[in-house]
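Rule-based calculations on the coordinates, nothing more; no lab input. Bear in mind that the values here come from a model prediction, so they are computed numbers and not experimental data. Glycine also receives a Cβ, built like all others from the backbone with ideal geometry; neighbour counts cover every protein chain displayed.
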There are 2 protein chains.
Amino acid sequence: MESTIRQMDIFFNPKSVAVVGASNNIHKAGHVIFKNFAENERRGVFKGKLYPVNLREDKILGYRSFRLLSDIPSEIDLVVIVTPAATVPEVVSDAAEKGVKSVVIISAGFSEIGNHSLQDSIVSVAKENDIRVLGPNCLGVFDTITGVDMLFLPETKILISGDEFIATPRPMAGQIAIMTQSGAFGVSALDYLTGRQMGVSKFVSFGNKCDVAEAEMLTYLLHDERTWVILLYAEAIEAGREFMKVADRVTRRKPIVAFKSGRTDAGARAAVSHTGAMAGSDKIYDAAFAQVGVVRVQNMEEFFDVGKAFAFQPPALGNNIGILTDAGGPSVMAVDECESNGLTIRRFSEEVLQRFEDLKQRGKLPRFATTANPVDITGSATSEMFERSAEIFLDASEIDGLIVLGLHHTPALQEDFVDRIARLTERTTKPVVACDIGETEMAMFIRSRFEKYGIPAYSSPEDASRAIAGLVHYGEYLKKIGSFEDYMKIFTRRHEGSK
Amino acid sequence: MESTIRQMDIFFNPKSVAVVGASNNIHKAGHVIFKNFAENERRGVFKGKLYPVNLREDKILGYRSFRLLSDIPSEIDLVVIVTPAATVPEVVSDAAEKGVKSVVIISAGFSEIGNHSLQDSIVSVAKENDIRVLGPNCLGVFDTITGVDMLFLPETKILISGDEFIATPRPMAGQIAIMTQSGAFGVSALDYLTGRQMGVSKFVSFGNKCDVAEAEMLTYLLHDERTWVILLYAEAIEAGREFMKVADRVTRRKPIVAFKSGRTDAGARAAVSHTGAMAGSDKIYDAAFAQVGVVRVQNMEEFFDVGKAFAFQPPALGNNIGILTDAGGPSVMAVDECESNGLTIRRFSEEVLQRFEDLKQRGKLPRFATTANPVDITGSATSEMFERSAEIFLDASEIDGLIVLGLHHTPALQEDFVDRIARLTERTTKPVVACDIGETEMAMFIRSRFEKYGIPAYSSPEDASRAIAGLVHYGEYLKKIGSFEDYMKIFTRRHEGSK
């Protein structure tokens, strides 16, 4: 395990990198990748040594360029290969001679198009020389802290119109690691997360997985202090047994959210033609993920929504969820979605009902508020009503988590309802998620205000419900294996450390 | 039917309006509503006469105020009531004496909180005097053309911080009508649609439906030229038989998208406690909607996504969908979601396969593109490749609709791929929807560029798939009742008229 961690770490934190296929031509992937490293070095983010390798160039972006890896006078930790597929075996051999132990092959044109022998030849050279290979046909690695950035998609794009637009943004540093089989989906995930202001620790694109695959990367991420949540996109996981063994260890300390597409027969067929790999029955994945506590999601939005919930909130101790709202209709939507996801929205005990009744008697809630769970404080809602109601929910032992549907449109409601609820959550270990509906100023302001306090906020009642369902299902797993308290300790330490 | 249309029209297009409970106090709903009308009159949008009624004020926003409806010297088309519940029966009696035939009761405090007798007393006065009543406990009507705006939620809100934010925006004029039982969800829908730049024709919030309900409003909207699509949110539809009779007529000419919440048992119970109305079995709704061609959706996002698809695109003649992409992973997601929604993604016939093969031979597609449906032109995609591939899809008789997953991140792709695909769609009647993933500049630019051409664009493959599923299911219904061609004529006329 220690050697796996050391080996994987080189991909994210190399002391020296050679980019074979580095280029001055802006249309080449080798240009973008080399430039990423060079710029991050100039900014003081990437602290390793950097060497361009190109048969025909003397200088690349001001760096002295080498014709061959063997021409580089110093040791090389990591080689990134961006040359045409046919040339890759030779480059790997060069790397072997140079004593390199880690190679990332960005180049495509291998097994994914039926070119198995070419890929096999690389694998055998690598095996003989104890070289670890990421790829081929991948986007490699992006790390928000070390400045390693192998993405050949430039951050901005110049349109025909001449305008320059942000096209493939790099997200800020954060606690979410992304492991993806699909490079295209990987970069769109970075685009999505950047726009939603969610931070990333590490990103890795596996491509054909000729050597390094999910299991070893999970082992590495298990020990990466900066990663709290792992988002995994896959169309097939070939080394299933290994994956399960590692996932079983990981999910005791950090949640894994898995989006395995190809869940329908036609989807599975599409995945096969796209990756060249057999996916296996989808039901087997369901069972396998459940067995080792991997939380499976069904679509892209749920993937990010549940990931955000895990980054911010603890798992739930049970599946009885409270719903607090100022908007009747949306609370019905939340109940529907909670129930569809195996949660229950149970009528309060007499004791809790009485506490709400008391609030009404004292004129602290509208007389006509519905208070049986969901609690609907109606369009007369004020910040104080939200606070007093949330307090009862969080105090009630029968409630395992809370959805706050705080629609900002009600006339008397002010933004401090967010602050008041956030203060209450400081003394609870129950998960709380929020929702406001709308796509203009105030809705965005309310959602981002919730998130500043670490309460994930969603733009539909159903999104919020699926997010808390993830927290419930993970909690159920942790309880089953007797690890709930241990995880809570880890969770608390992480979040206290980050304050 | 004609009398229904005339009666409903007064709610949206009154020659004269009295607001009973109009106020100078900015914290009162009667202030906001009167100000909406007054400002729209000043802007020349609202063209009717406007009268404030208030027992204690002489002037409201510069208008001479009347103590009672009977003090107003001219005829009144429509009375909007915003006074406390207990006073409403008297105001309705005053309206009857004045000869008013249309009343909107914004005020709450009736059946929704068990106050049935108060509501009954209003109903009997109204019946005796042939007065049509919208509400009570509703948000009334908003019309983007006539300037009628009864929403008591002001467009902007002043925060504690002193900042003024857009809180309940009014959307631009468009083709989508919104009918909603929940006022809270109704305004959040306006907020959502404004932010997504989707236009609205008419908005009506029913509240307790003591008189006017879905069926009559549908009859009216059937004849409203500006409305092409009807979005209906309901927790219960009481007059089911009437609703079905009208819906059956409407769906031959314009699609109805229904979001009926309370689909689970717990959701149905929550709806009952929230509205006081029995919802009935959810399965009955499924069957009833299907019988009359109402397209039912399961959640908020699907509601808007399918609504947008109908506003822009024709129904599909069959359920065999094509998928064109430059991103393998997302195309698998789309296949999964299409299949889950009853669509098929069938392997092309030899003839179509051959056309793609020819493109490859001529170097117009990457050699390694997957071309069996989905067609994945890979990360080497150019605008020309998208165009040539889309053309084959649209020509192929075996394909009934197309999803374009055009992820902008691929290095060589430029924004003109959108223009090229849009040009092709001008000569087809097959529906086309698009998707780009990401939440930063370029993704938003690409999606909005598609929509400028009338191609609805979504931010996830699953959203795009559910949208086209709506078009397929509606097409299946139209074919079944033999109305497909008739609807297509209407659709074409509408869209040509709007160019």
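Some points to look at:
- Pairs from B:254/B:452; A:101/A:489; B:308/B:360; A:35/A:98; B:98/B:254 whose Cα-Cα separation, in the structure shown, is over 32 Å: A:101/A:489; B:308/B:360; B:98/B:254
- Dipole magnitude of segment A:315-497 about its Cα centre (Cβ charges: Lys, Arg +1; Asp, Glu -1), debye to nearest 20: 380
- For A:426, B:441, A:238, A:302, the sequence from fewest to most other C-beta atoms within 10 Å is A:426, A:238, B:441, A:302.
- When peptides B:51-60, B:401-410 are ranked by their average number of other Cβ atoms within 10 Å per residue, the highest-first order is B:401-410, B:51-60.
- Label points for residue B:454 are taken 7 Å from Cα along Cα→Cβ. From this copy to the others they lie 5.2 nm apart, shortest first.
- Angle between chain B longest axis and helix B:441-452 axis [Cα atoms, degrees, rounded to 10]: 80
- Chain A: Cα Rg divided by the 2.2 N^0.38 Å rule of thumb: 1.08
- Angle in degrees between helix A:282-291 and the longest Cα principal axis of chain A, rounded to the nearest 10: 70
- Dimensions of segment B:315-497 based on its C-alpha atoms, expressed as ranges along the principal axes with the largest first, amount to 46, 39, 31 Å.
- Values of log10 I(q)/I(0) for segment A:76-189 across q = 0.17, 0.19, 0.20 Å⁻¹ run -0.90, -1.03, -1.09, by the Debye formula with one identical scatterer at each alpha carbon and no solvent.
- Within chain B, antiparallel bridges make up roughly 20 percent of the DSSP beta bridges whose residues both belong there.
- Against chain B, whose longest principal axis is taken from its Cα atoms, helix B:383-395 shows a tilt of about 80°.
- Centre-to-centre separation between the Cα atoms of segment B:196-236 and those of segment A:396-423: 31 Å.
- As a rough footprinting exposure proxy, the listed residues B:487, A:453, A:458 were ranked by other beta carbons within 10 Å of their own, and the order from fewest upward is A:453, B:487, A:458.
- Nearest-first distances (nm) between copies at residue A:419, label 7 Å from Cα via Cβ: 5.0
- Label-point gap, in nm, between residue A:291 and residue B:238 - each point 7 angstrom along Cα→Cβ: 5.5
- Among A:8, B:179, B:488, a tally of other beta-carbon atoms within 10 Å of each Cβ gives an order, fewest to most, of B:488, B:179, A:8.
- In this simple spin-label model, placing a label point 7 Å from the Cα along the Cα-to-Cβ direction at both residue A:489 and residue A:56 gives a separation of 6.1 nm.
- Here residue A:172 and residue A:47 are evaluated by their C-beta separation; at R0 = 22 Å the FRET efficiency comes out at 0.70.
- Normalised by 2.2 N^0.38 Å, where N counts its residues, the alpha-carbon radius of gyration of segment A:240-328 equals 1.31.
- Under the Debye formula (equal points on every Cα, no solvent term), log10 I(q)/I(0) of segment A:396-436 at q = 0.21, 0.34 Å⁻¹: -0.73, -1.25
- For the protein assembly as shown, the Kirkwood estimate of the hydrodynamic radius, built from every pair of different alpha carbons, is 30.1 Å.
- Minimum Cβ-to-axis distance in chain A for the rotation onto chain B, with residue, whole Å: A:301, 4
- Antiparallel DSSP beta bridges within segment B:315-497, as percent of all bridges there, nearest 5: 10
- P(r) tail fraction, segment B:145-229 - alpha-carbon pairs more than 20 Å apart, %: 38
- Across identical copies of the chain, residue A:164 has label-point separations of 3.7 nm, listed in ascending order, with the point defined 7 angstrom from Cα along Cα→Cβ.
- Cut-off 17 Å, label 7 Å out along Cα→Cβ of residue A:423, residues of segment A:378-407 by amide N: A:382-395
- Working value for segment B:330-416: equivalent-ellipsoid semi-axes of 20, 17, 11 Å, each the square root of 5 times a Cα gyration tensor eigenvalue, largest first.
- Relative to the compact-globule estimate of 2.2 N^0.38 Å, the Cα radius of gyration of segment A:224-270 comes out at 1.34.
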